[in-house]
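Heads up: the structure comes next, in C-alpha cells.
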Amino acid sequence: MKRIKLNIIVKSAIVAAVVIPGQIQASALTTAQAVSDNQNKFQKQINKASTDCAGEQKSIGNQFAIRAAADKKIAAQKEAANKVAQEKAAKEKTAQQAVAQEKAAQEAAATQAAKEKAAQEAAAQQATAAQTATYTQTSYQVSSSSTTSGSYGITGDASKAWIESIESGGNENAANGQYLGLFQLSSQAAAQYGGYSGSAADRYVAARYGSWAAAAAHHRAYGWY
C-alpha cells in the first residue's frame, strides 16, 4: 500500500516536472509573440506616419512650386506691361518732338515770309516814292486835247503823265489785248468815254476816280487804274 502511494507521488512529481517547464515555455512564446505583434504594429504606425509626412512634404513642395510659377508669371506680365508703357512713352515723345519741330519750322517760315513781304513792301514804297519824285519834278507838255477837258474838273498834271508813261511809255499805238492807246483804255471804256485819246482818259478818270492823283494812287497800290 505504501509502495503504491510512493509510485503515485513519484509519477506526479515526474508529470509536474514535465508539465511546468512546458507551461513556462508556452507563456514565453505567447509573450514573445505579443511583443513581436506590438513591434509590427508600431512599425506599421511608424511607416504610416512616415508615409503621411512624405505626402505632406510633397504637397508643400507642390504648393511652393505653384506659387513660384505664379510669381514668375506675374513678374513676366509686369515686365511686358512696363515694356509696352516704355514703348508708348517713347512713341508719344517722338510724336511730340515731331509736332514741335514742325511747328517751329512753320513759325520760322511764317517769320521769314513776313520779313520778305515787309522788305518787298518797303522796296515797292521806295520805288513808288522815287517814281513820284521823278515825275513830280519833271515838266510835261500837256496836249491840247487834255486841256480841253476842264469841264470835267481834270487838267493835265504829273499824275496823268506818270500813268501815261507807265501804261504805254508815250506810245499812242501801244496795244495789250483790248487795252489800247497812250492810257491803255479798254474797248468798253473807249466806247463809253469817246475813244482812246487823252480827253477820253480824262472823262474816264473823272467818272471813276475824280482826279488823276487818285487814279495814280490806285495804280501805285494795285498796278492798274
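Bear in mind these aren't lab numbers, they're just calculated from the coordinates by the rules spelled out. Because the structure is a prediction, the values reported are computed rather than measured. Note that we place each Cβ from the backbone using ideal geometry, even for glycine, and neighbour counts take in every protein chain shown.
Report yes if some residue within the stretch 166-187 is free of Cβ contacts under 8 Å to residues at least 12 places away in the same chain and part of a helix (DSSP H, G or I); otherwise report no. Within the stretch 166-187 (the criterion being free of Cβ contacts under 8 Å to residues at least 12 places away in the same chain and part of a helix (DSSP H, G or I)), the answer is yes, since at least one residue qualifies. Restricting attention to the stretch 191-212, the residues that are assigned to a helix (DSSP H, G or I) and surrounded by 15 or more Cβ atoms within 10 Å (Cβ to Cβ) total 11.
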